[in-house]
């Protein structure tokens with residue numbers, strides 16, 4: 001492991017369980033035999049950032065200013081690179097980048113690149129309403145020449161209910177089985193891979209649950225963060 005690694009700032013709290021999962025995965029994937037070899041992470045578990053789904057429905061303030069402030073605060077605290085353990089909030093990536101002078105790693109760009117490496121024709125996207133409305137993965141996949149497949153309207157409503165249940169701490173078998181069912185519906189539509197495009201998804205869905213590839217946006221960001229910061233992967 002390199003003697004000097006970059007300090008990572010994490011815009012978190014979106015939600016807290018997803019932030020905790022991101023941190024846990026960074027610890028487990030970093031090649032370290034003693035604590036000093038782990039990365040320094042500064043985590044702003046900012047649960048007061050306005051609800052991005054509500055804003056996209058026209059119900060509440062934009063989370064943009066709060067996200068930009070969090071990023072700037074992390075830089076001031078010593079972060080040399082900023083990441084965000086949430087997909088949807090990348091709608092406000094431009095505001096975040098404008099507020100900082102250090103690099104920002106995009107979970108959307110990195111995940112889309114990981115999918116493109118698989119060379120699929122069609123990929124299913126599991127993501128919340130606001131993320132889909134913002135076209136984040138649809139645009140990135142189309143640019144890579146990959147067809148995005150989405151859930152039906154009814155299935156999407158079920159998905160949103162599951163995400164809020166996970167955010168409330170419900171990660172039991174009922175939620176897990178329901179998430180697997182939705183992923184398999186996308187496979188039935190022709191998806192060769194599934195993007196877990198919400199950081200709550202990998203908490204209840206694993207690659208063993210589906211027939212094709214599962215591209216976890218959380219895992220992609222974890223790996224990219226570790227390598228960018230100068231550490232090594234297990």
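Structure notes:
- 0 to 90° range, to nearest 10: angle between helix 16-29 axis and the chain longest Cα axis: 70
- Candidates 57, 119, 40, ranked by Gaussian network fluctuation over the chain, Cα under 10 Å, top entry: 57
- To the nearest ten degrees, helix 153-167 and the longest principal axis of the Cα atoms of the chain are 40 degrees apart.
- Inverting the pair-averaged 1/r between distinct Cα atoms of region 108-217 gives 13.6 Å as its Kirkwood hydrodynamic radius.
- Residue-averaged [θ]222 nm for the chain, counting only DSSP H segments that reach four residues, each worth -39500 (n - 2.57): -13500 deg cm²/dmol
- The separation of region 164-211 from region 131-161, counted between C-alpha centres, amounts to 14 Å.
- Under a Gaussian network description of the chain, with springs only between Cα atoms under 10 Å, the residue in 128, 215, 76 that fluctuates furthest is 76.
- Calculated SAXS-style log₁₀ I(q)/I(0) at q = 0.18 Å⁻¹ - the chain, Debye, Cα scatterers: -1.42
- By the Kirkwood approach, averaging reciprocal distances over each pair of separate Cα atoms, region 100-159 gets a hydrodynamic radius of 12.5 Å.
- Between helix 217-228 and the chain: long-axis angle, C-alpha atoms, 0 to 90°, nearest 10: 30
- Secondary structure note: in the chain, about 5% of the DSSP beta bridges are antiparallel.
- Of 159, 55, 104, the one that fluctuates the most in a GNM where the chain has Cα springs shorter than 10 Å: 55
Values quoted throughout were computed directly from the atomic coordinates according to the rules given, and no laboratory measurement underlies them. Predicted model, so just to flag it, every value in this text is computed and none were measured.
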